[in-house]
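Below is one structure; the comments refer to it alone.
The values are calculated or read from the model by the stated rules, or taken from the named source; none is laboratory data. Note that this is a predicted model, so its numbers are computed, not measured. Reconstructed Cβ throughout: ideal geometry from the backbone, glycine too, with neighbour counts over all protein chains shown.
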Amino acid sequence: MQLVPATFLIVCPLVFLAGFVDAIAGGGGLISLPAYLIAGLPPHLASGTNKMGALFGTALSTGKYAKDRCINFRAALPAVAGALPGAWLGAQLLMLIPERAVQVFMMVAIPVIAGVMLLRGDKMDRPNPNRTVKTWVCFLIGLTIGCYDGFFGPGTGTFLMLAFSMFCGMDLVMANGSTKLVNLASNVAAMAAFLTGGNVLLPLALPAAACSMAGNYLGSALAVKKGARVIRPIFFVVLVLLMITVVYEFFAQS
């Protein structure tokens, strides 16, 4: 595919924004993947090129959260162990269950998730010391959301963050940092598949990855510094973007 200056002007700023949002509340792919499609890349090439940017950006934000001790490895590592087979299972289910059924479920689930966030309020802004982190619970979180990631995908990091907060008693910053480690593992696995399949446009992927890293660094630094005050509103923005995406795809297939 021939690249022109307009391609970089479309992709790079949006990938930077996606990295910034993703580092704070997940869901950056809702911004970055459409950017590649708008720039004219075919779907498979867009997905692979997007994944490279996401991989490098997530790696940097994971390092930033780890440096600031905002990753609960006791929770994140079992979730990683569950997410890998979960993603494979989700990909297998994709061939058995109609995607429209999942889209209908999402159109119901997203408003419910937003409602939970509103009702829990300040409870999600601070850790719950009375709730112990159980390995099997974290494994099931990774398995379930990994399955969703393999089947459908958008908003995976956002759902992981919510699950860590609700079921492991983490505050939003720690939940977000722990989520990044799980995201990083799934991105490595996906990137390997895209590279071996020749679905990465390197001349575009490399500068986009640099933009993603810059966005992720600034986003993670802001999240660590400001905490729930910045995470909560961007979380709701991501949910709105996800809802728009699901509804659009549902009716576009009608």
- Is it fair to say ALA76 is surrounded by fewer than 19 Cβ atoms within 10 Å (Cβ to Cβ), at pLDDT 75 or above, small (Gly, Ala, Ser) and part of a helix (DSSP H, G or I)? no
- If you go through the stretch 43-55, how many residues are surrounded by 22 or more Cβ atoms within 10 Å (Cβ to Cβ) and of a type outside the set (A, V, I, L, M)? 5
- GLY90 being in contact with a helix residue (DSSP H, G or I) (Cβ under 6 Å, 6 or more places away or on another chain), at pLDDT 85 or above and either surrounded by 16 or more Cβ atoms within 10 Å (Cβ to Cβ) or among the polar types (S, T, N, Q) (or both): no
- Message: Which of the numbered conditions does GLY198 fail, given that it passes all the others? Conditions: (1) within 18 Å of GLY19 (Cα to Cα); (2) surrounded by fewer than 24 Cβ atoms within 10 Å (Cβ to Cβ).
- Response: (1)
- Query: Just for the stretch 137-174: of the residues that are over 14 Å from the mean Cα position of the chain (by Cα) and β-branched (Val, Ile, Thr), which one is nearest to LEU222 (Cα to Cα)?
  - Reply: VAL173
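Per-residue answers, yes or no, for (1) more than 28 Å from THR144 (Cα to Cα); (2) over 17 Å from the mean Cα position of the chain (by Cα); (3) of a type in the set (A, V, I, L, M); (4) at pLDDT 90 or above:
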{"site": "LEU9", "(1), (2), (3), (4)": "yes, yes, yes, yes"}
{"site": "THR49", "(1), (2), (3), (4)": "no, no, no, yes"}
{"site": "ALA59", "(1), (2), (3), (4)": "no, no, yes, yes"}
{"site": "ALA83", "(1), (2), (3), (4)": "no, no, yes, no"}
{"site": "LEU96", "(1), (2), (3), (4)": "no, yes, yes, no"}
{"site": "ARG100", "(1), (2), (3), (4)": "no, yes, no, no"}
- Can you name the condition, by its number, that VAL188 falls short on among (1) part of a helix (DSSP H, G or I); (2) surrounded by 20 or more Cβ atoms within 10 Å (Cβ to Cβ); (3) in contact (Cβ under 8 Å) with a residue 40 or more places away in the chain? (2)
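What number of residues within the stretch 21-30 are assigned to a helix (DSSP H, G or I) and in contact with a Phe, Trp or Tyr (Cβ under 9 Å, 6 or more places away or on another chain)?
If we filter the stretch 21-30 for residues that are assigned to a helix (DSSP H, G or I), which is where we start, we get 21-25, 29-30.
Right, trim to in contact with a Phe, Trp or Tyr (Cβ under 9 Å, 6 or more places away or on another chain) and you get 23-25.
Qualifying residue count, the stretch 21-30: 3.
Residue-by-condition table, conditions (1) surrounded by 17 or more Cβ atoms within 10 Å (Cβ to Cβ); (2) under 21 Å from GLY63 (Cα atoms); (3) under 18 Å from the mean Cα position of the chain (by Cα); (4) among the aliphatic types (A, V, I, L, M):
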residue: ASN176; (1), (2), (3), (4): yes, yes, yes, no
residue: ALA209; (1), (2), (3), (4): yes, yes, yes, yes
residue: SER220; (1), (2), (3), (4): yes, yes, yes, no
residue: LEU239; (1), (2), (3), (4): yes, no, yes, yes
residue: TYR248; (1), (2), (3), (4): no, no, no, no
